[in-house]
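Asks: The structure follows.
The values are calculated or read from the model by the stated rules, or taken from the named source; none is laboratory data. Given the structure is predicted, the values throughout are model-derived calculations rather than measurements. Counting neighbours? That spans all protein chains shown, and the Cβs are built from the backbone with ideal geometry, glycine included.
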């Protein structure tokens, strides 16, 4: 065990040392490294697929369910699509080196801020082996070294992919050590990894809410990752009914298992009689179960085809991650704002309204990472927001909020050009 | 004890509730609140000074030393100067509400980021009662609520000042609860305060390094504050000797007790023979003790008026906070960069050089909050950097680095204007 933790610390140290060089590596070398990775994913596909085959067979033998197995599995077309994603990141602008707030002070000092990488990113993820490539590429493009800790069930695939990345980047002249892979999947080592704040500047867990909460509670370094995300959509009395139906359907049904899907529908009493049955009818076609407060039940109960359940206290502020929605009728915008303030988790919140002042109040007063007017909360995503790539979603306020792109994997330093200046 | 922690949590809760309203309060109301504080500092000066008198008498009786006593003491001219500082903050631009990265996406969604306050700032500070006003004003201007925990020895002054602030801001229409003062100075309550991450978003310790390290190690929420700051100045072989002498004198002598003062002088061997004795002679006039490596000793030992001590390993990477400097002769810029990489703490680092490429390499390769060419590290300060006011200095990379102004007490939210948009 002691030897294993020493090896782990050695990997952290190597990543830290590499990160010093990575910080001022040219964009050309970084892009070349990424293109090498994409090339090798295609030329070394037989090797990768053989390793993955081994993982899949072992997983099948140990009784892994079909959905998990599908996440674990690689094939030629998946590798091609991963390679394509790598080239997409290569084509994005390099955030490192951007200079901003540059100005000359009255005393003649020229001063500004220059964007630099954070240093070393740690990550822990579950069965999907593509994360090995995905997170490596995002870290490298933003000039960060990375320490990867993948799931036990994908160990052969991950070893092959990490080895591929290490060879590909070395060929481009990137410092050795920039990508470290923890090949010992002993669970007890994870707590050591999460305490290595001397070597790891930021930890990004990728996987289910359980993993993220575990990392948040145990990491000694800052952590970025969406915890519980409770999303509300409020249909105001002035809402356009067609928009309300389309938006609530999309927000609940398009991909119910993700963090930006609708959890609670709030609807103004003046429009509920007309609008709520139409929302419910659409939801019903997709099999949505509705946990309704009393007034919503009264409006909907005539339609026996709906899956209605009386709401309990536990339904407010709950993240369902399934085809279930809580529904509450409110008397005013203020009541909706209070509900969101009380039960929201600072993730994604939307209003559907044609009333200008209601829209502006909602945008101003709701405290959340992403606040929408007349759009589905499903848009919360780095790609959809035009960031090119997404590292994670942040539900915290410090450093960065909402979808995180390459720029959010950076910090800055102050640069000061003097001519013998001393402080009076 | 249980009652005391309940009271503490009630204060946290009240601050959290107030922060929701503060977040979208107009700049006019915030500025009016600040002007009310400045006015009251003058009109209620007798009350404040009487309370402060009580603290000073008790401190004197308990044997407090003269320097500490001076920090604790208020008088009419100090109150006037504090009031003036408050008006200076009132005159600064409001960071809240700034909209940036706003653009229309190909699908027609209008999307951007809007600056918002962090929420609730916690702070703990030592004897200087002016911090009660200083930090309250910076938090309020940036739309944050604040929980104040001052030192026991200033309790009467702080109670009077906190009461003044609370009354002054209420008169301007600011939410009650925006400023909370912990009047129970029981030390065991501090650990409870530092665990209240549900109510406090960021903790800013103000005081000595010991206090800051204590808070860093015990706080459950993010902490901003300079820990150990080891500052190097490297005099390159191509340095202008007059600039080198002026800059190293200023960096070491102008205020040796602060975090941006010079700790280690690195000097290129080609210039050391000529330049080092001149730096040493100036330092000597101010009483600086020099902890020299062998080569520096050889150069300087002829001058018997200098305070020379052979350097030991412990001198490298040490923050002296006194009229002491470590001195090392290096053979190259690379050796200087390696020394800084190994012993630096990411605070303030400077090069003195007339060589363009050396300057650019230093700026690019040194990983620190503030990197200087031909200027004294003493400039690291919110006021000197043109930020108007300074909340703290950050030696971390996440969120913000170097001197923190009002903007660094904020986060942002994404705002999205749609027209019935749904995700395909």
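Asks: Between A:112, A:108, which is out of contact with any helix residue (DSSP H, G or I) (no Cβ under 8 Å at 6 or more places or on another chain), part of a strand (DSSP E or B), over 26 Å from residue A:199 (Cβ atoms) and touching a residue at least 40 places away in the same chain (Cβ under 8 Å)?
Replies: Details: A:108 fails: part of a strand (DSSP E or B).
The match here is A:112.
Asks: Of A:210, A:176, A:153, which residue is part of a helix (DSSP H, G or I), in the same structural domain as residue A:86 (by TED's automatic domain parsing) and farther than 26 Å from residue A:396 by Cβ?
Replies: Numbers: A:210 fails: farther than 26 Å from residue A:396 by Cβ; A:176 fails: part of a helix (DSSP H, G or I).
None of the others qualify; the one that does is A:153.
Asks: Taking the stated definitions as given, is residue B:226 closer than 26 Å to residue B:411 by Cα and surrounded by fewer than 19 Cβ atoms within 10 Å (Cβ to Cβ)?
Replies: On the way: closer than 26 Å to residue B:411 by Cα: yes; surrounded by fewer than 19 Cβ atoms within 10 Å (Cβ to Cβ): no.
Answer is no for this residue.
Asks: Something else: So which residues in the range A:381-407 are touching a residue at least 24 places away in the same chain (Cβ under 8 Å) and either within 7 Å of chain B (Cβ to nearest Cβ) or part of a helix (DSSP H, G or I) (or both), if there are any at all?
Replies: A:397, A:398, A:399, A:401, A:402, A:406, A:407
Asks: Would you point out the residue of the range B:408-424, among those that are more than 7 Å from every other protein chain (Cβ to nearest Cβ) and over 13 Å from the mean Cα position of the chain (by Cα), that is nearest to residue A:374 (Cα to Cα)?
Replies: Residues of the range B:408-424 that are more than 7 Å from every other protein chain (Cβ to nearest Cβ), as a first pass: B:408-410, B:424.
Checking the rest, the ones that are also over 13 Å from the mean Cα position of the chain (by Cα) come to B:410, B:424.
Details: B:410: 27, B:424: 15 Å.
Filtering the range B:408-424 for residues that are more than 7 Å from every other protein chain (Cβ to nearest Cβ) and over 13 Å from the mean Cα position of the chain (by Cα), the one nearest to residue A:374 (Cα to Cα) comes out as B:424.
Asks: Only one of these is within 30 Å of residue A:383 (Cβ to Cβ) and in contact (Cβ under 8 Å) with a residue 60 or more places away in the chain: A:319, A:282. Name it.
Replies: After applying the criteria, what remains is A:319.
Asks: Can you name every residue in the range A:364-380 that is within 7 Å of chain B (Cβ to nearest Cβ) and either free of Cβ contacts under 8 Å to residues at least 12 places away in the same chain or under 14 Å from the mean Cα position of the chain (by Cα) (or both)?
Replies: First pass over the range A:364-380, keeping only residues within 7 Å of chain B (Cβ to nearest Cβ): A:364-365, A:367-376, A:378-379.
Passing the criteria: A:364, A:369, A:370, A:378, A:379.
Asks: Based on this model, can you work out whether residue B:372 counts as under 25 Å from residue B:334 (Cα atoms) and in contact with a strand residue (DSSP E or B) (Cβ under 7 Å, 6 or more places away or on another chain)? Spell out how you get there, then give the answer.
Replies: Working: under 25 Å from residue B:334 (Cα atoms): yes; in contact with a strand residue (DSSP E or B) (Cβ under 7 Å, 6 or more places away or on another chain): yes.
In short, yes.
Asks: Limited to the range A:213-252, what total is found for residues that are within 23 Å of residue A:403 (Cα to Cα), facing chain B (nearest Cβ under 10 Å) and part of a helix (DSSP H, G or I)?
Replies: So the answer is 5.
Asks: Give the number of residues within the range B:305-321 that are in a loop (DSSP other than H, G, I, E, B) and more than 27 Å from the chain's Cα centre (by Cα). Spell out the reasoning first.
Replies: Taking the range B:305-321 and keeping what is in a loop (DSSP other than H, G, I, E, B), we get B:305-306, B:311-312, B:316-321.
Retained after the next criterion (residues that are more than 27 Å from the chain's Cα centre (by Cα)): B:305-306, B:311-312.
Residues flagged as in a loop (DSSP other than H, G, I, E, B) and more than 27 Å from the chain's Cα centre (by Cα) within the range B:305-321 amount to 4.
Asks: Can you confirm whether the range A:322-344 contains a residue that is over 19 Å from residue A:249 (Cβ atoms), in contact (Cβ under 8 Å) with a residue 24 or more places away in the chain, under 21 Å from the mean Cα position of the chain (by Cα) and buried (at least 21 other Cβ atoms within 10 Å of the Cβ)?
Replies: So far as the range A:322-344 goes, yes, one or more of its residues are over 19 Å from residue A:249 (Cβ atoms), in contact (Cβ under 8 Å) with a residue 24 or more places away in the chain, under 21 Å from the mean Cα position of the chain (by Cα) and buried (at least 21 other Cβ atoms within 10 Å of the Cβ).
Asks: Also, I was wondering about something else. Just the residues that are on the phi > 0 side of the Ramachandran plot and buried (at least 19 other Cβ atoms within 10 Å of the Cβ), please, taken from the range A:98-142.
Replies: Of everything in the range A:98-142, just one residue is on the phi > 0 side of the Ramachandran plot and buried (at least 19 other Cβ atoms within 10 Å of the Cβ), namely A:119.
Asks: Is it fair to say residue A:258 is more than 27 Å from residue A:397 (Cβ to Cβ), assigned by TED's automatic domain parsing to the domain that holds residue A:335 and surrounded by fewer than 17 Cβ atoms within 10 Å (Cβ to Cβ)?
Replies: Numbers: more than 27 Å from residue A:397 (Cβ to Cβ): no; assigned by TED's automatic domain parsing to the domain that holds residue A:335: yes; surrounded by fewer than 17 Cβ atoms within 10 Å (Cβ to Cβ): yes.
Taking the combined requirement at face value, the residue does not satisfy it.
Asks: Of all helices (runs of 4 or more DSSP H) completely enclosed by the range A:1-89, which ones contain at least 3 residues that are buried (at least 19 other Cβ atoms within 10 Å of the Cβ)? Steps first, please.
Replies: Numbers: elements: A:2-22, A:27-43, A:45-61, A:66-72.
Ranges flagged: A:2-22, A:27-43, A:45-61.
Asks: Another question, if that's okay. Since residue A:360 meets every condition but one in (1) within 14 Å of chain B (Cβ to nearest Cβ); (2) closer than 16 Å to residue A:272 by Cα; (3) assigned to a helix (DSSP H, G or I), which condition does it not meet?
Replies: Of the numbered conditions (1) within 14 Å of chain B (Cβ to nearest Cβ); (2) closer than 16 Å to residue A:272 by Cα; (3) assigned to a helix (DSSP H, G or I), the odd one out for residue A:360 is (2).
Asks: Something else about it: Looking at (1) assigned to a loop (DSSP other than H, G, I, E, B); (2) within 14 Å of another protein chain (Cβ to nearest Cβ), find the lone condition where residue B:302 falls short.
Replies: In the conditions (1) assigned to a loop (DSSP other than H, G, I, E, B); (2) within 14 Å of another protein chain (Cβ to nearest Cβ), residue B:302 misses (2) alone.
Asks: Now a separate question. If you go through the range A:116-127 one residue at a time, how many are assigned to a strand (DSSP E or B) and within 11 Å of chain B (Cβ to nearest Cβ)?
Replies: Count: 3.
Asks: Still on this model: Please work out which one of (1) under 22 Å from residue A:146 (Cβ atoms); (2) more than 14 Å from chain B (Cβ to nearest Cβ); (3) surrounded by fewer than 21 Cβ atoms within 10 Å (Cβ to Cβ) is the condition residue A:205 fails and give its number.
Replies: It is condition (3) that residue A:205 fails.
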